[in-house]
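Structure first, commentary second.
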Amino acid sequence: MTDETDAILSLLPARLKEARRVQGLSLDAVAKLSGVSRSMVSQIERGESSPTIATLWNLTRALQVDFAGLLEDGPASNIEVLRTADVPSIENRGAGCTIRILSAPEEAGRHEVYELRFVEGGVLDSQAHRRGAREHLTVIDGRLSVTSGGATERIGQGDTARYAADVPHRIEALHPSRAFLVVQDA
């Protein structure tokens, strides 16, 4: 075996034991769930025995853990960072309004998140999105007027407006403003 393979396999006993602990299972319970003998599970967790692929598969299914994840060289990062310089922006979708796209591309049409920046008098007019679409607009700084269908409300710093987006709607800045917009089912 290579040094890299040895390093990965040396992590396996501790990772299996941790997975069992997280599930709150005893050695006996894992043995019953996996079909692997209690003594074999114990030997594997102590690093005294190397499991076959079939044994490892049975253990991971019993412990409800990812087979490949147990063999990775380190814990995967669950934090995806979008640096400010890399945030895509839309400048031509309204007058006096910059839209920064904060949601992942694969979320388009389902759950979209935007940062909106307006100059005083800036306007973002939107046509109706698909039926059932809703928007949640939170003002971070400034003051906005929101129109959805025939209803209009003014909101200020810290306020959130939730409204139908399956009708024509409009956001207008009464002062220079910054807001976060979440669009559901666009």
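The values are calculated or read from the model by the stated rules, or taken from the named source; none is laboratory data. Just so you know, these numbers come straight off a predicted model, no measurement behind them. Backbone-built Cβ (ideal geometry, glycine too); neighbour counts: all protein chains shown. Surface areas here come from the heavy atoms of the whole protein model, side chains and all, with no ligands, DNA or RNA. Shrake-Rupley method; radii C 1.70, N 1.55, O 1.52, S 1.80 Å.
Looking at Gly109 and the list (1) open to solvent by less than 30 Å² (accessible area, probe 1.4 Å); (2) over 30 Å from Glu135 (Cβ atoms); (3) at pLDDT below 85, which single condition is not satisfied? Unmet condition: (2). On the stretch given as segment 135-186, residues that are open to solvent by 30 Å² or more (accessible area, probe 1.4 Å), polar (S, T, N, Q) and closer than 19 Å to Thr98 by Cβ total 2. With the requirement that a residue be under 17 Å from Ala165 (Cβ atoms) and surrounded by 19 or more Cβ atoms within 10 Å (Cβ to Cβ), what does segment 113-125 give you? Correct list: Tyr114, Leu116, Leu124.
Could you pull out every one of the helices (runs of 4 or more DSSP H) wholly within segment 1-96 that has 2 or more residues that are modelled with pLDDT of 75 or more?
Details: elements: 3-23, 27-34, 38-45, 53-63, 67-71.
Where helices (runs of 4 or more DSSP H) fall fully within segment 1-96 and carry at least 2 residues being modelled with pLDDT of 75 or more, they are 3-23, 27-34, 38-45, 53-63.
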